[in-house]
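Comments concern the structure below.
Nothing in this text is a laboratory measurement; each read-out follows from the coordinates by a stated rule. Note that the coordinates shown come from a computational prediction; the quantities given were computed from them, not determined experimentally. Quick reminder, even Gly has a Cβ in these numbers, built from the backbone with ideal geometry, and neighbours come from all protein chains shown.
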Amino acid sequence: MGKKKGNPRGKIDRIFINYYSDNNYENLDLLVKGLTRNKLLLPRMKIITDCLMVLKQNNKQYNSSNVIIPALIAQIDGILTDYARIMGISSKGEKRKNELRKILTNKRLSKVASDYANEIILDLLFQKAFTGKALRIPFTFNRHKVMHGEFLKYGRIDHTLRAFLIIEFLSYCSK
C-alpha cells in the first residue's frame, strides 16, 4: 500500500478498524481481557469493560464513540497520574511529560514503536491546548479539546480504538 500513488491512510485505517471490530470486536475483547493482569488497571477495569460493552452493542441509532472516548481519556489520564506517582514524578505540565517520556517504555515493543506510542499519548492526546486556539499539531483526538467540550466531532471509531490501544500500551509500561 505504501508504494502506491496517493494517500493510503484510509485503507490502512480500514484494515486497523476491521481487525479490532470484526466478529463483534472479538480482538478488542481479547485485548481488554488481557488488561486484567495489570494491578494498576484493576480498579479501572469496570469502566474499561463497560466501554467495550457499549461498543459491542453495535446500535446504529447513536454513536457510541461519543460516550466511550471521554470515559477512556479520563482513564488514560488517571493511569498516567497513578504511574507518575508510583515512579516518583511530581512535576506538572511539560516537565512531567518529559519525565514520563523517559520512563514510558514497553519492553514488548521496539524503541521506535515505544517512541511512536509516546508521541501519540504525550504530543497528540495530551498536547497543550488553549480554548479558541488551534492546536500546534492539528488532531481531533486531544484530551483538552474533547474534555472541555471544544471539539464536538471526536466520536470516531479509529479514535475509540486508539484509546483502548493506549491503555494496553500503558498496561505493559507499568509492569
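Structure notes:
- Under 17 Å of direct C-alpha separation, and excluding same-chain neighbours fewer than eight residues apart, K92 reaches these lysines: K102, K128.
- FRET efficiency estimate (nearest 0.05) - Cβ-Cβ, M87 to T49, R0 35 angstrom: 0.85
- In this Cβ point-charge picture (+1 for Lys and Arg, -1 for Asp and Glu), region 9-173 has a dipole of about 360 debye about its Cα centre.
- For region 47-87, trypsin sites (Lys or Arg not before Pro) meeting the loop criterion (DSSP other than H, G, I, E, B) and having at most 12 other Cβ atoms within 10 Å: K60.
- The chain: calculated mean residue ellipticity at 222 nm from DSSP helix runs of at least 4, using -39500 (n - 2.57): -18500 deg cm²/dmol
- In this structure, the residue pairs whose Cα-Cα separation is over 27 Å, taken from K39/K107; K97/K133; K5/K97; K11/K56, are K5/K97.
- Radius of gyration and maximum dimension Dmax of region 1-83, Cα, Å: 15.4, 47
- Global geometry of the chain, whether rounded, prolate or oblate, following the gyration tensor of its Cα atoms and the 1.5 cut on a/c: rounded
- Normalised by the number of residues in the chain, the mean separation of alpha-carbon contacts (under 8 Å, six or more apart) gives a relative contact order of 28 percent.
- Toward the positive end of the charge dipole of region 9-173, with +1 on the Cβ of Lys and Arg and -1 on the Cβ of Asp and Glu, the farthest Cα among I89, G34, T140 is that of I89.
- With 0.36 nm allotted per residue and the present C-alpha distance subtracted, the K95-K60 stretch has 8.3 nm of extension available.
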